[in-house]
Amino acid sequence: MKTIDQISFSGKKALIRVDFNVPLDENFKITDDNRMTAALPTIEKILRDGGAVILMSHLGRPKDGPTDKYSLKHLVPHLSDLLKQEVEFANDCIGEEAVNKAKELEGGEVLLLENLRFYKEEEKGDKAFAEKLSKLGDVYVNDAFGTAHRAHASTAVIAQFFPDAKYFGYLMAAELQNAEKVLNGSAKPLTAIMGGSKVSDKIQLIDALLDKVDNLIIGGGMAYTFAKADGGNIGTSLVEMDKLDLALSIRQKAKDKGVNLLLPLDNVIADAFANNAKTGVAKTGEIPDNWMGLDIGPETVKVFSEAVAESKTILWNGPMGVFEMDTFMVGTKAIADAVAEATEKGAFSLIGGGDSAAAVAKFGMTDEVSYVSTGGGALLEYMEGKELPGVKAINE
Ligand code: AMP
């Protein structure tokens with residue numbers, strides 16, 4: 001793997017694609033800086049080498065060119081604090097100002113460019129735009145795992161202008177190595193815990209995992225499509241009626257492959273989708289009319305936790321219930337506890353990005369698992385066996 005450890009950046013200008021797509025409140029305060037802190041090791045190594053750092057990122061989804069709300073200038077004060085040094089800002093990611101500021105940048109200095117997505121060319125993967133960006137640095141580093149599944153100008157197309165000077169940053173390398181650890185050569189038993197709302201979002205991943213895992217645990221809203229397919233009563237629970245056959249075929253495939261498929265045995269049910277709803281517990285397939293399943297039940301927690309406890313490798317993607325509401329977070333918290341316990345006993349646990357990462361963060365347990373991925377969609381696609389354009393561009 002071509003990582004930044006393979007060169008010294010002394011006297012070089014590193015153009016780094018980072019994923020600084022952080023959430024901002026109405027006063028432009030960053031509410032979660034994980035994506036920024038995740039890129040610090042790469043930036044700091046290059047600065048330590050004596051290199052100059054030029055950072056480029058997108059922020060949000062601007063539709064019509066430059067928009068103050070999506071300006072990366074709002075990140076400058078916090079980035080300066082994190083790096084303990086002043087960060088320069090260019091009001092455009094290409095053009096005269098960016099070129100001049102990049103040219104004047106000296107070793108040890110940092111320049112942040114304005115939002116790449118102020119240009120439509122970025123998401124279109126426009127070659128001429130990528131070439132303009134490429135003029136700003138003499139080494140290209142990709143550390144934006146969150147956008148590695150996109151063939152955008154700054155994430156993939158640009159790499160061709162650095163045939164002998166393109167590298168993965170530390171975050172990218174760690175993400176890829178940890179995903180590989182689960183996919184290939186993982187210690188057994190390997191358990192995948194899948195949850196979240198829809199089976200349709202995760203079907204490709206489930207399909208790919210059935211070739212690899214010993215245990216497949218399915219919870220969350222997607223489990224009701226399985227219960228419905230089995231002919232059970234699911235009340236008003238979430239269901240994808242057009243995916244019933246799919247649920248049955250997953251069941252069959254698991255059987256054929258000798259995978260231990262674990263589905264909820266019981267459920268926490270509610271008479272409304274609300275934290276203060278009336279609640280109860282119902283066996284799977286026996287949810288009364290007008291009630292909905294919003295979490296896994298106590299019996300299920302026990303069975304799922306036992307399977308997790310015996311695992312040596314764990315991949316977790318998707319919550320077991322509506323964890324955002326305290327009334328329905330018990331199942332997700334219990335599984336997080338089981339994952340943490342297994343990790344303490346030596347298992348390797350990888351938490352897929354998005355909602356599972358949010359759940360683990362909500363419980364303050366980020367340090368109790370082996371690795372929390374920063375990439376939602378990118379990790380899913382990598383795990384599905386797809387070649388990520390951002391990864392391919394560096395490797396080829
Ligand atoms: P996803 O984005 O597909 O990973 O789904 C995550 C979302 O699924 C979270 O916002 C959860 O609140 C939601 N979810 C989990 N379990 C259920 C359930 N039983 N009913 C409805 N939504 C659920």
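The values are calculated or read from the model by the stated rules, or taken from the named source; none is laboratory data. Everything numeric here is computed off the predicted structure, so don't read it as measured data. Here the Cβ positions follow ideal geometry from the backbone for every residue, glycine too, while neighbour counts run over all protein chains shown. The area values use the complete protein model at the heavy-atom level, side chains included, leaving out ligands, DNA and RNA. Shrake-Rupley method; radii C 1.70, N 1.55, O 1.52, S 1.80 Å.
Quick rundown of the values:
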{"read-out": "Tail weight of P(r) past 16 Å, computed on alpha-carbon pairs of the stretch 197-323, percent", "value": "60"}
{"read-out": "Accessible-area composition of the chain, carbon plus sulfur, in percent [1.4 Å probe]", "value": "48"}
{"read-out": "Cα-based helix-to-principal-axis angle, 199-209 vs the chain, degrees rounded to 10", "value": "80"}
{"read-out": "Gained length - D81 relative to Q160, 0.36 nm times residue gap less alpha-carbon distance", "value": "25.1 nm"}
{"read-out": "FRET E, pair K392, D138, Förster distance 25 Å, beta-carbon r, rounded to 0.05", "value": "0.70"}
{"read-out": "Euclidean distance of C-alpha centroids, the stretch 78-93 and the stretch 230-299, integer Å", "value": "49"}
{"read-out": "Built amide H within the under 5 Å cut-off of E286, gap 5+", "value": "N233"}
{"read-out": "Among S80, S373, S154, residue whose mean-square fluctuation peaks in a GNM of the chain (springs only between Cα atoms under 10 Å)", "value": "S80"}
{"read-out": "Helix-only mean residue ellipticity at 222 nm for the chain, each DSSP H run of n ≥ 4 adding -39500 (n - 2.57), per residue, nearest 500", "value": "-10500 deg cm²/dmol"}
{"read-out": "Lysines whose Cα lies under 20 Å from that of K255, excluding same-chain neighbours fewer than 8 positions away", "value": "K188, K202, K212, K228, K243"}
{"read-out": "Helix 170-183 axis, angle to the chain major axis (alpha carbon atoms, nearest 10°)", "value": "30"}
{"read-out": "Degrees between helix 298-309 axis and first principal axis of the chain (Cα, 0 to 90, nearest 10)", "value": "50"}
{"read-out": "Computed over the stretch 241-396, Cα set: Rg, Dmax in Å", "value": "17.3, 57"}
{"read-out": "Cα-Cα P(r), the chain, percent of pairs per 20 Å interval", "value": "27, 49, 23, 1"}
{"read-out": "Candidates per GluC sites (Glu not before Pro) in the stretch 125-234, loop by DSSP, up to 15 other Cβ within 10 Å", "value": "none"}
{"read-out": "Whole-angstrom gap from the stretch 2-20 to the stretch 95-165, using each part's C-alpha centre", "value": "12"}
{"read-out": "Filtered trypsin sites (Lys or Arg not before Pro), the stretch 103-206: DSSP coil and at most 16 other beta carbons within 10 Å", "value": "K135, K198"}
{"read-out": "Percent breakdown of C-alpha pair distances by 10 Å bin, ordered from the shortest bin, for the stretch 309-396", "value": "17, 44, 28, 10, 1"}
{"read-out": "Environment charge at D211 (Cβ cut-off 10 Å; Lys +1, Arg +1, Asp -1, Glu -1)", "value": "+2"}
{"read-out": "At 1.567 mPa s and 4 °C, Stokes diffusion of the stretch 4-173 via Kirkwood alpha-carbon radius, µm² per second", "value": "83"}
